[in-house]
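The structure appears right after this line, and notes come after that.
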Amino acid sequence: MHTERRTYSQYCPLARALDVIGERWTLLLVRELLSGPKRFKDLQDALIGIGTNLLSTRLKDMEKNDLVVRSKLPPPGVAMVYELTERGRRLDEVVLSLARWGTGLLEEPRKAGEHFRPHWLLHGMLSMYDPELGRDLRMTYEFRIDDEVFHVIVRDGKASGDMGRAQRPDLVWMSDSRAFMELVFGVTPVDKAANSNALVVGDRDTLQQVLELFNPVPMRR
């Protein structure tokens, strides 16, 4: 049965934007696709609880609104994937702004039944990046959290991130998600963290640098 798409019916830029991206799951799909093309199954696995039919509907809506496009991976890959269009990639700042606002909420303990994927922390980190502190840096940081790996690169005052291992990282942190969050929110002192087995590559100063560059403390209030 076809369901009429809801609209705010307002000639307003915010209302028009919400008509396109305000449906449940849409921005989380953007979050997943910002790190690169994904198969339908990849998206389904990342968005636990969305349901096959609803995921198909959301992707069709996003295609219709020129946010995503389907394509085939180049050889040797032959899978059909979804990727963001140029218009879709411009939602990066929207996602980062919302992640920045929500980072302070992660100080509350994880609730029973809440799903979690370590790579979701990547956008939270990028949203807290301080460009003034990173202005003259050329650094690469790799994080192996639970069973996922992602990295952040700081170049020319900008920070970018992606899934997978980094080339010649200046820091490699490997731990479970709880230990990582306790480090980020200051529960674990830097000296103790630097002397732990979690710091695979790098030293105390490099670890302190990471915490200052991607500091969530201002968003705690």
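Given +1 on the Cβ of Lys and Arg, -1 on the Cβ of Asp and Glu, and no further charges, what dipole in debye does the chain carry about its Cα centre, rounded to the nearest 20?
Rounded to the nearest 20 debye, it is 660 debye.
Need the C-alpha centroid separation for the range 64-95 versus the range 148-221, integer Å.
The range 64-95 and the range 148-221 have Cα centres separated by 29 Å.
Multiply the residue gap between Asp203 and Asp146 by 0.36 nm, knock off their C-alpha separation, and tell me the result in nm, one decimal place. Mind dumping the intermediate values first?
Numbers: separation 57, 0.36 × 57 = 20.52 nm, distance 2.13 nm.
Gain in length upon complete extension: 18.4 nm.
Computed on alpha carbon atoms, what radius of gyration and Dmax characterise the chain, expressed in Å?
18.9, 60
Just want to confirm a number: the relative contact order over the range 13-90, from Cα pairs under 8 angstrom separated by 6+ residues, in percent. Spell out each step's value before the answer.
Values: 75 pairs, mean separation 24.5, N = 78.
In percent, rounded to a whole number, it is 31.
Return Val95, Val152 ranked ascending by Cβ neighbour count within 10 Å, so the fewest neighbours appear first.
With the sparsest Cβ surroundings first, the list reads Val95, Val152.
Give the residues of the range 26-47 whose amide nitrogen is closer than 14 Å to a point set 7 Å from the Cα of Asp162 in the direction of its Cβ.
Hits in the range 26-47 for Asp162 at 14 Å: 34-38.
Among Tyr141, Tyr8, what is the fewest-to-most ranking by other Cβ atoms within 10 Å?
The order, fewest Cβ neighbours first, is Tyr8, Tyr141.
Using 1/(1 + (r/R0)^6) with R0 = 30 angstrom and r between the beta carbons of Leu55 and Trp101, what's the FRET efficiency to the nearest 0.05?
0.70
Considering only lysines 8 or more places apart in sequence, or on different chains, count the pairs in the chain whose C-alpha atoms sit under 17 Å apart.
Taking the Cα cut-off of 17 Å, the pair count is 5.
State, as an integer percentage, the relative contact order of the range 56-160 based on alpha-carbon contacts under 8 Å between residues 6 or more apart.
17 percent
Using the count of nearby Cβ atoms within 10 Å as a rough guide to exposure, how do Trp101, Trp173, Trp25 rank from fewest to most? The partial results should precede the final answer.
On the way: Trp101 11, Trp173 23, Trp25 17.
In increasing order of surrounding Cβ atoms, one gets Trp101, Trp25, Trp173.
Once the other residues with Cβ under 13 Å from the Cβ of Asp203 are scored (Lys, Arg +1; Asp, Glu -1), what is the net sum?
Counting the neighbours of Asp203, the net charge comes to -2.
Please list, by residue number, every one of the GluC sites (Glu not before Pro) in the range 109-170 that is coil in DSSP and has at most 15 other beta-carbon atoms within 10 Å.
Glu114, Glu132
What are the extents of the Cα atoms of the range 1-45 along their three principal axes, listed from largest to smallest and rounded to whole Å?
On the principal axes, the range 1-45 reaches 35, 29, 12 Å in Cα extent.
To the nearest 20 debye, what charge dipole does the range 90-221 have about its Cα centre, counting +1 at the Cβ of each Lys and Arg and -1 at the Cβ of each Asp and Glu?
Here the range 90-221 has a charge dipole of around 160 debye.
Values quoted throughout were computed directly from the atomic coordinates according to the rules given, and no laboratory measurement underlies them. As the structure is a prediction and not an experimental result, all values here were calculated from the model. Every residue, glycine among them, receives a Cβ derived from its backbone with ideal geometry; neighbour counts consider all protein chains shown.
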